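S.K.: Can you read through this structure? Questions will come right after.
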Amino acid sequence: MKSLFITAPGKIELVARETPRPGPDDLLLAPLAIGLCRTDAELADGSMIYLRDGRSSLPLTPGHEWVARVAGKGSHVEGFAIGDMVVGECSIGCGTCAKCHAGDYHQCETRAETGIMKQEGAMTGYFRFPAASAHKLPEDIAIEDAVFAEPSAVALRAVLRASFQQGDSILVVGAGTIGWLAAAIAMDSYGVSVAVLEPDMERMQRVSAIGARAPEPDERFDVVIEASGNSNGLNSALERLASNGRLVAVSLTGCAAHAVDIDRIVVSDQSLTGSLGSPGVWSHMLELLGRGRMRPSVLITGRYRLSKAREAYAALLENRPGTGKLLILPDDEDRL
């Protein structure tokens with residue numbers, strides 16, 4: 001079979017290797033679609049925080065946004081059958097520490113993160129994945145919507161972290177995948193108007209098509225979700241935050257540091273909260289996707305075979321205006 005490896009910053013290789021065998025608690029999965037995101041870009045160029053702080057290292061096989069078919073399973077696995085369609089979590093805790101027992105497995109000191117550290121990602125013909133972190137896909141969710149399961153769960157948790165209250169105004173900064181999903185989830189869950197700040201006209205048109213609006217000049221918001229993936233977006237989010245407002249930062253920027261006016265946060269009685277991953281929200285997320293009102297496949301702007309992954313990464317890193325979700329689509333030839 002074939003597997004993609006990031007072997008060094010800027011170097012992507014497609015390697016032939018043996019098909020893995022699942023361990024007793026594992027599924028053997030045949031990925032059908034994998035989404036690329038800014039984390040994949042940061043892994044490819046070497047700027048991702050885990051590479052900078054030593055928690056992860058190259059080479060690695062990326063791919064943390066995926067939908068796959070069960071091709072095999074370990075002797076201890078129950079609840080899954082060959083041929084089942086599944087999606088899976090990025091954060092995989094040890095399952096025994098205090099943080100895991102508290103439900104904070106995304107902060108487990110020895111955790112793995114799919115396609116990022118300690119757990120092979122989905123950009124391959126087949127890969128092993130712990131069954132405890134996999135979720136069966138409801139039959140009514142199409143594959144190209146299901147591939148958004150992981151970012152949908154990330155966006156959902158960010159929305160929940162904002163502790164929305166009746167009457168709150170909401171701004172999302174950035175209309176990339178996470179921003180679009182956060183806006184869609186907030187509108188679907190709370191039935192409120194959501195403003196989105198996005199300079200890219202094509203991305204803004206995509207989020208406007210589901211009912212989001214542009215913010216008014218000098219408008220301030222009770223809740224701001226920062227999903228732009230750049231430091232300018234964080235500055236804009238802080239500028240738009242009202243007194244007593246709550247800012248949830250969900251994006252990684254690849255920058256080592258940001259200048260933040262702490263005095264302003266203190267004087268305005270504001271709160272700044274980070275949101276990593278998607279612990280404990282997957283059932284809720286699949287229920288939202290299963291309703292059918294949220295169709296994230298409209299964000300797809302490029303589809304590539306695994307053999308053309310270098311072209312996909314070039315497009316990801318270039319990030320031209322209007323770029324949406326790029327997919328890698330392994331096929332039967334990649335499994336030989």
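S.K.: Among the numbered conditions (1) touching a helix residue (DSSP H, G or I) at 6+ places or on another chain (Cβ under 7 Å); (2) crowded, with 21+ Cβ neighbours inside 10 Å; (3) under 22 Å from PHE148 (Cβ atoms), tell me where ARG111 comes up short.
M.R.: Tallying (1) touching a helix residue (DSSP H, G or I) at 6+ places or on another chain (Cβ under 7 Å); (2) crowded, with 21+ Cβ neighbours inside 10 Å; (3) under 22 Å from PHE148 (Cβ atoms), ARG111 fails exactly one: (3).
S.K.: Return a yes/no flag: does region 76-92 have any residue that is among the charged types (D, E, K, R) and crowded, with 22+ Cβ neighbours inside 10 Å.
M.R.: So the first thing to find is which residues in region 76-92 are among the charged types (D, E, K, R), and the list is 78, 84, 89.
So of that shortlist, the ones also crowded, with 22+ Cβ neighbours inside 10 Å come out as 89.
Yes: region 76-92 contains one or more residues that are among the charged types (D, E, K, R) and crowded, with 22+ Cβ neighbours inside 10 Å.
S.K.: Mind listing whichever residues of region 189-218 are open to solvent by 40 Å² or more (accessible area, probe 1.4 Å), modelled with pLDDT under 95 and within 20 Å of ALA158 (Cα to Cα)?
M.R.: SER189, TYR190, GLY191, SER193
S.K.: Filter region 256-279 down to residues that are over 15 Å from VAL173 (Cβ atoms), surrounded by fewer than 13 Cβ atoms within 10 Å (Cβ to Cβ) and without any contact (Cβ under 8 Å) to a residue 40 or more places away in the chain, then give me how many there are.
M.R.: 9
S.K.: Out of region 3-37, which residues are open to solvent by 10 Å² or more (accessible area, probe 1.4 Å) and in contact with a Ser or Thr (Cβ under 7 Å, 6 or more places away or on another chain)?
M.R.: Residues of region 3-37 that are open to solvent by 10 Å² or more (accessible area, probe 1.4 Å), as a first pass: 5, 7-26, 28, 32, 37.
Residues satisfying the conditions are PHE5, GLU13, LEU14, VAL15, ARG17, PRO24, CYS37.
S.K.: For SER243, indicate whether it is under 23 Å from MET294 (Cβ atoms) and either hydroxyl-bearing (Ser, Thr, Tyr) or part of a helix (DSSP H, G or I) (or both).
M.R.: Working: under 23 Å from MET294 (Cβ atoms): no; either hydroxyl-bearing (Ser, Thr, Tyr) or part of a helix (DSSP H, G or I) (or both): yes.
So SER243 fails the test.
S.K.: Pairs, please: C-beta under 6 Å, at least 6 apart or cross-chain, first residue under 27 Å from GLU144 (Cα atoms) and in region 9-37, second part of a strand (DSSP E or B) and of a type in the set (Asp, Glu)?
M.R.: Correct list of pairs: GLY35/GLU65.
S.K.: Applying the selection to region 92-151, what residues are basic (Lys, Arg) and closer than 22 Å to ALA81 by Cα?
M.R.: Pass one, region 92-151, residues basic (Lys, Arg): 99, 111, 118, 128, 136.
Those that are basic (Lys, Arg) and closer than 22 Å to ALA81 by Cα: ARG128, LYS136.
S.K.: Restricting to region 235-255, name every residue that is crowded, with 16+ Cβ neighbours inside 10 Å and free of Cβ contacts under 8 Å to residues at least 60 places away in the same chain.
M.R.: Residues of region 235-255 crowded, with 16+ Cβ neighbours inside 10 Å: 235-238, 240-242, 245-254.
ASN235, LEU238, LEU241, GLY245, LEU247, ALA249, THR253, listed by residue number.
S.K.: Still on this model: Do the conditions hold for ASP145, that is, is it over 24 Å from LEU299 (Cα atoms), at pLDDT 95 or above and of a type in the set (D, E, K, R)? Quick ask: steps written out before the conclusion?
M.R.: Working: over 24 Å from LEU299 (Cα atoms): no; at pLDDT 95 or above: yes; of a type in the set (D, E, K, R): yes.
When the stated conditions are applied, ASP145 does not pass them.
S.K.: Which number in (1) open to solvent by less than 10 Å² (accessible area, probe 1.4 Å); (2) not in a helix (DSSP H, G or I) marks the one condition that ALA44 misses?
M.R.: (2)
S.K.: Filter region 145-177 for residues that are within 17 Å of LEU247 (Cβ to Cβ) and either out of contact with any Asp or Glu (no Cβ under 9 Å at 6 or more places or on another chain) or assigned to a helix (DSSP H, G or I) (or both) and give the result. Lay out the reasoning, then the answer.
M.R.: To start, the set of residues in region 145-177 that are within 17 Å of LEU247 (Cβ to Cβ) comprises 154-155, 157-165, 168-174.
Answer for region 145-177, where residues must be within 17 Å of LEU247 (Cβ to Cβ) and either out of contact with any Asp or Glu (no Cβ under 9 Å at 6 or more places or on another chain) or assigned to a helix (DSSP H, G or I) (or both): VAL154, ALA155, ARG157, ALA158, VAL159, LEU160, ARG161, SER163.
The values are calculated or read from the model by the stated rules, or taken from the named source; none is laboratory data. From a predicted model like this one, the values you see are computed outputs, not experimental measurements. Cβ sites come from the backbone with ideal geometry, for glycine too, and all protein chains shown count toward neighbours. What goes into the accessible areas is simple: the full protein's heavy atoms, side chains included, and nothing from ligands, DNA or RNA. Shrake-Rupley method; radii C 1.70, N 1.55, O 1.52, S 1.80 Å.
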